[in-house]
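Asker: Structure below; questions to follow.
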Amino acid sequence: MCGIVGYVGVSSNPVEVVIEGLKQLEYRGYDSAGFAVLRNSKVELYKEVGRISNLEEKIKGIDFSDIEGIAIGHTRWATHGGITVPNTHPHISNNGKIVLVHNGVIENYADLKELLLRKGYTFYSQTDTEVIANLIEEHMKEGNSLEDAVILSVQELSGTFGVVLFYADEPDKIIAIRKGSPIVIGIGDNENIVASDINAIVKHTKNVVYLDDGEIAIVKVDGIKTISFSGKNIKKDVFVIDWEVEEMDKKGYPHYMLKEIFEQPTAIENCIRGRLLEDEGYVKLGGISKLEGIIHKVKKFTFIGCGTAYHAGMIGKYLMENIGWMPAEVDFASEFRYRNPIVSQRDVVVAISQSGETMDTLEALREAKRKGAITMGIINVVGSTIARETGMGIYIHAGVEIGVASTKAFTNMLVALVMLSVMVGRKKKLGIFEGREIVSSLKELPELVEYTLQKTNKVTQELAKKFSNYRNFIYLGRGYNYPVALEGALKLKEISYIHAEGYSAGEMKHGPIALIDENMPVVVIATKHSVYDKVVSNIQEVKARHGKVIAIVNENDTTVSKIADYTIEVPYVIEPLSPIINVIPLQLFAYYVASTKGLDVDKPRNLAKSVTVE
Ligand code: M6R
């Protein structure tokens, strides 16, 4: 997906800030990159298809020391028009003065283009973006100020847009516009940075302002003014990001994904810090104290999310039923928003998201709010749109997650869901001893996760070498570990491009068993919990049809080791926490398969880290 960076200030080199910022957004996926600067009141455009390194190659030797303190840049993921230099952003108005970058889609661009063509404008790209620059120029020609021309233009645009622009005759400001596509402004020292994602900002400042839909920011070196699409002044809060710059470094790991897998013990520690009340078998979740006060009125929880966050929600349903004694549902955010869900004012809808910007989850949340539900978030990125719109929630504090395949955010989502279920359960039927058992197991979790990483790292690497040439995999699990099977399969398919199906082990005999033969590897989660015996029977069914079984088992398991072809041993943990331990070898296995195949693990093809389009 596209990325935006804009700079206005006197402290840094604008080109360096923009290029560095765009590099921090590379993980989002893109196919061309460009930037615009201002020199002697003239806009200069630099664009190249392919990687940012191609763009850097192109500008090698160009002296930017005498440019003004302003620049905007963009990484484009082609939608309207092919991957060509003319289609690469920034785009400039016909008078050469208004230059802008855009994320999103202008749905009525064809009509606007027609109108502008009739007025004599020429278009040099096939994009939907170019119309915005010329529309603003047209409104300025009518005698409007830049600010008013922007306001008039946004009122005519339909679709989604995050836009950042500057005007050659007013070089003291950049203007940022948001409707549907995230825009965040970093408040620095004598400099301000606008971006589509805080990753591009965090190196310069931790103080950020998030634009909401329907807002425009006029960003100057000494301050920001925010107005609505109708021109009314808006006061904005400043959020402080809790990420460290060092987290953006690979720290010697070959890929961010592997680094993030190994960061899980620390991430979990950050998630539970100050939240566990061991003696009371209870938890302290400041962000949902309002919910705690009215929990006796709540009738049902519904978890919504996409991809890995949806899998966390599936486990949330099991946790809420077993620990929270509360009816619970789970749905893909993309289904929830269109299926007319039955939600009452006594229902809690929990939006789960790492980025806090996923469009489907955001829209599902808005639908839940329209229906009057109580809403909360389980979110990683502080101050993100979903976090702000839910009104209350639990931050998972996983730290920056850059690898497209989500790992540490998943396990931290599960930790947050366990804590939420304890809070709900202890207000209902969960006794103090059961509460204490869960809370003290949570406390020991970072150490146990570290142990699991050390124990499974080598064996998963060896198995990956053996299995990297297979074209299909089946993953099986039951109960709490059925969603873990889905997550294991998702990890493998998204980074290794191998077809992998996750299934409930009990469902196998109702269809997928037909796929089993000696060429089908079957990964089974078979740790010693409530459904262990059932899973053992399912493994027997696979073996009877000559499938190759790789089983995740507890240490000292003798039963499964006798029938499975390969086993990966993990330590025992109480059942509600077992997904957190059991998913670790599956993350490692997927990682090692993809890296054995020499694939771009952190930036798998066709995928983006945060999916801000429908
Ligand atoms: O940022 P979110 O948690 O809302 O993202 C949801 C999904 O797009 C995400 O989990 C996706 O499935 C990952 N690539 C999974 O590894």
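The values are calculated or read from the model by the stated rules, or taken from the named source; none is laboratory data. Remember, predicted model here, so these are calculated numbers, not experimental data. Cβ: placed from backbone, ideal geometry, glycine included. Neighbour counts: every protein chain shown. For accessibility, only protein heavy atoms count, side chains too; no ligands or nucleic acids. Shrake-Rupley method; radii C 1.70, N 1.55, O 1.52, S 1.80 Å.
Asker: Of the conditions (1) open to solvent by 60 Å² or more (accessible area, probe 1.4 Å); (2) within 23 Å of the chain's Cα centre (by Cα), residue 111 satisfies every one except a single condition; which number is it?
Answerer: Looking at each condition in turn, residue 111 falls short on (2).
Asker: Would you mention how many residues in region 378-404 are assigned to a loop (DSSP other than H, G, I, E, B) and either within 13 Å of the ligand (Cβ to nearest atom) or farther than 19 Å from residue 180 by Cα (or both)?
Answerer: Of the residues in region 378-404, 13 are assigned to a loop (DSSP other than H, G, I, E, B) and either within 13 Å of the ligand (Cβ to nearest atom) or farther than 19 Å from residue 180 by Cα (or both).
Asker: From the list 570, 583, pick out the single residue that is within 12 Å of the ligand (Cβ to nearest atom), surrounded by 21 or more Cβ atoms within 10 Å (Cβ to Cβ) and either assigned by TED's automatic domain parsing to the domain that holds residue 421 or closer than 19 Å to residue 412 by Cβ (or both).
Answerer: From the options 570, 583, the qualifying one is 583.
Asker: Looking at 235, 259, 251, 203, which is the one that is in contact with an Asp or Glu (Cβ under 8 Å, 6 or more places away or on another chain) and either part of a loop (DSSP other than H, G, I, E, B) or surrounded by 14 or more Cβ atoms within 10 Å (Cβ to Cβ) (or both)?
Answerer: Values: 235 fails: in contact with an Asp or Glu (Cβ under 8 Å, 6 or more places away or on another chain); 259 fails: in contact with an Asp or Glu (Cβ under 8 Å, 6 or more places away or on another chain); 251 fails: in contact with an Asp or Glu (Cβ under 8 Å, 6 or more places away or on another chain).
Of the residues listed, the single one that is in contact with an Asp or Glu (Cβ under 8 Å, 6 or more places away or on another chain) and either part of a loop (DSSP other than H, G, I, E, B) or surrounded by 14 or more Cβ atoms within 10 Å (Cβ to Cβ) (or both) is 203.
Asker: Can you pull out the residues in region 9-29 that are crowded, with 21+ Cβ neighbours inside 10 Å and either on the phi > 0 side of the Ramachandran plot or more than 29 Å from the chain's Cα centre (by Cα) (or both)?
Answerer: Hit for region 9-29 is 9, nothing else.
Asker: Now a separate question. Report, by residue number, each residue of region 289-333 that is over 17 Å from residue 422 (Cβ atoms), away from the ligand (no atom under 16 Å from the Cβ) and acidic (Asp, Glu).
Answerer: 329 - this is the single residue of region 289-333 that is over 17 Å from residue 422 (Cβ atoms), away from the ligand (no atom under 16 Å from the Cβ) and acidic (Asp, Glu).
Asker: Cβ-Cβ under 7 Å, sequence separation 6+ or interchain: first residue in region 558-573 and at negative phi, partner at pLDDT 95 or above and among the small types (Gly, Ala, Ser). Which pairs?
Answerer: Going by the 7 Å Cβ cut-off, the qualifying pairs are 560/526; 560/551; 564/551; 567/551; 573/441.
Asker: Related question: Given 407, 456, which one is within 16 Å of the ligand (Cβ to nearest atom), of a type in the set (Ser, Thr, Tyr) and within 27 Å of the chain's Cα centre (by Cα)?
Answerer: 407
Asker: Can you pull out every residue in region 342-359 that is open to solvent by less than 10 Å² (accessible area, probe 1.4 Å) and part of a loop (DSSP other than H, G, I, E, B)?
Answerer: Listed by number, the list holds a single entry, 356.
Asker: On to the next question. For the subset of region 360-377 comprising residues that are of a type in the set (A, V, I, L, M, F, W, C) and outside any helix (DSSP H, G or I), which member is farthest from the ligand (Cβ to nearest atom)? Steps first, please.
Answerer: Filtering region 360-377 for residues of a type in the set (A, V, I, L, M, F, W, C) gives 362, 364-365, 368, 373-374, 376.
Subsequent filtering for residues that are outside any helix (DSSP H, G or I) retains 373-374, 376.
Details: 373: 19, 374: 20, 376: 15 Å.
Taking the candidates together, the pick is 374.
Asker: Go over the candidates 422, 449, 439 one by one and state the one that is touching a Ser or Thr at 6+ places or on another chain (Cβ under 9 Å), at negative phi and open to solvent by less than 40 Å² (accessible area, probe 1.4 Å). Give the derivation first.
Answerer: Working: 422 fails: touching a Ser or Thr at 6+ places or on another chain (Cβ under 9 Å); 439 fails: touching a Ser or Thr at 6+ places or on another chain (Cβ under 9 Å).
Exactly one of 422, 449, 439 is touching a Ser or Thr at 6+ places or on another chain (Cβ under 9 Å), at negative phi and open to solvent by less than 40 Å² (accessible area, probe 1.4 Å), namely 449.
Asker: Moving to a separate point now. Only one of these conditions is not met by residue 518: (1) open to solvent by 70 Å² or more (accessible area, probe 1.4 Å); (2) among the acidic types (Asp, Glu); (3) modelled with pLDDT of 95 or more. Which number is it?
Answerer: (3)
Asker: Does residue 52 satisfy the condition of being open to solvent by less than 40 Å² (accessible area, probe 1.4 Å), in contact (Cβ under 8 Å) with a residue 40 or more places away in the chain, under 24 Å from residue 8 (Cα atoms) and aliphatic (A, V, I, L, M)?
Answerer: Working: open to solvent by less than 40 Å² (accessible area, probe 1.4 Å): yes; in contact (Cβ under 8 Å) with a residue 40 or more places away in the chain: no; under 24 Å from residue 8 (Cα atoms): yes; aliphatic (A, V, I, L, M): yes.
The answer is no for residue 52.
Asker: Would you tally the residues in region 158-174 being open to solvent by 30 Å² or more (accessible area, probe 1.4 Å) and in a loop (DSSP other than H, G, I, E, B)?
Answerer: 5
Asker: Test residue 213 against the criterion of being open to solvent by 10 Å² or more (accessible area, probe 1.4 Å) and more than 30 Å from residue 581 (Cβ to Cβ), and give yes or no.
Answerer: Yes; evaluated as a whole, the condition is true for this residue.
Asker: Any idea how many residues of region 587-612 are of a type in the set (A, V, I, L, M, F, W, C), within 12 Å of the ligand (Cβ to nearest atom) and more than 18 Å from residue 471 (Cβ to Cβ)?
Answerer: 4
Asker: Related question: What's the total number of residues in region 319-336 that are among the aromatic types (Phe, Trp, Tyr) and not in a helix (DSSP H, G or I)?
Answerer: Result for region 319-336: 2.
Asker: Among the residues of region 454-486 satisfying the criterion of being of a type in the set (Phe, Trp, Tyr) and within 30 Å of residue 318 (Cα to Cα), which is surrounded by the most Cβ atoms within 10 Å (Cβ to Cβ)?
Answerer: Per the stated criteria, the residue is 475.
Asker: Search region 540-569 for residues being over 35 Å from the mean Cα position of the chain (by Cα) and hydrophobic (A, V, I, L, M, F, W, C), and hand back the single one that is farthest from residue 450 (Cα to Cα).
Answerer: Only one residue fits best here, namely 544.
Asker: Here is a further query. Filter region 487-501 down to the residues that are open to solvent by 20 Å² or more (accessible area, probe 1.4 Å) and either within 16 Å of the ligand (Cβ to nearest atom) or acidic (Asp, Glu) (or both) and list them by number.
Answerer: 490, 493, 494, 497, 501, listed by residue number.
Asker: Mind counting the residues in region 295-329 that are open to solvent by 40 Å² or more (accessible area, probe 1.4 Å) and within 11 Å of residue 483 (Cβ to Cβ)?
Answerer: 2
Asker: For region 503-524, indicate whether the set of residues that are within 16 Å of the ligand (Cβ to nearest atom), more than 27 Å from residue 575 (Cα to Cα) and outside any strand (DSSP E or B) is non-empty.
Answerer: Checked against the condition, which is being within 16 Å of the ligand (Cβ to nearest atom), more than 27 Å from residue 575 (Cα to Cα) and outside any strand (DSSP E or B), region 503-524 yields no hits at all.
Asker: Sticking with this structure for a sec: If we scan region 75-96, do we find a residue that is assigned by TED's automatic domain parsing to the domain that holds residue 158 and assigned to a helix (DSSP H, G or I)?
Answerer: No: zero hits.
Asker: Could you tell me whether any residue of region 280-290 is surrounded by fewer than 24 Cβ atoms within 10 Å (Cβ to Cβ), part of a loop (DSSP other than H, G, I, E, B), modelled with pLDDT of 95 or more and of a type in the set (Asp, Glu)?
Answerer: Yes: region 280-290 contains one or more residues that are surrounded by fewer than 24 Cβ atoms within 10 Å (Cβ to Cβ), part of a loop (DSSP other than H, G, I, E, B), modelled with pLDDT of 95 or more and of a type in the set (Asp, Glu).
Asker: How many residues does region 330-361 contain that are without any contact (Cβ under 8 Å) to a residue 12 or more places away in the chain and under 19 Å from the mean Cα position of the chain (by Cα)?
Answerer: Here the count works out to 1.
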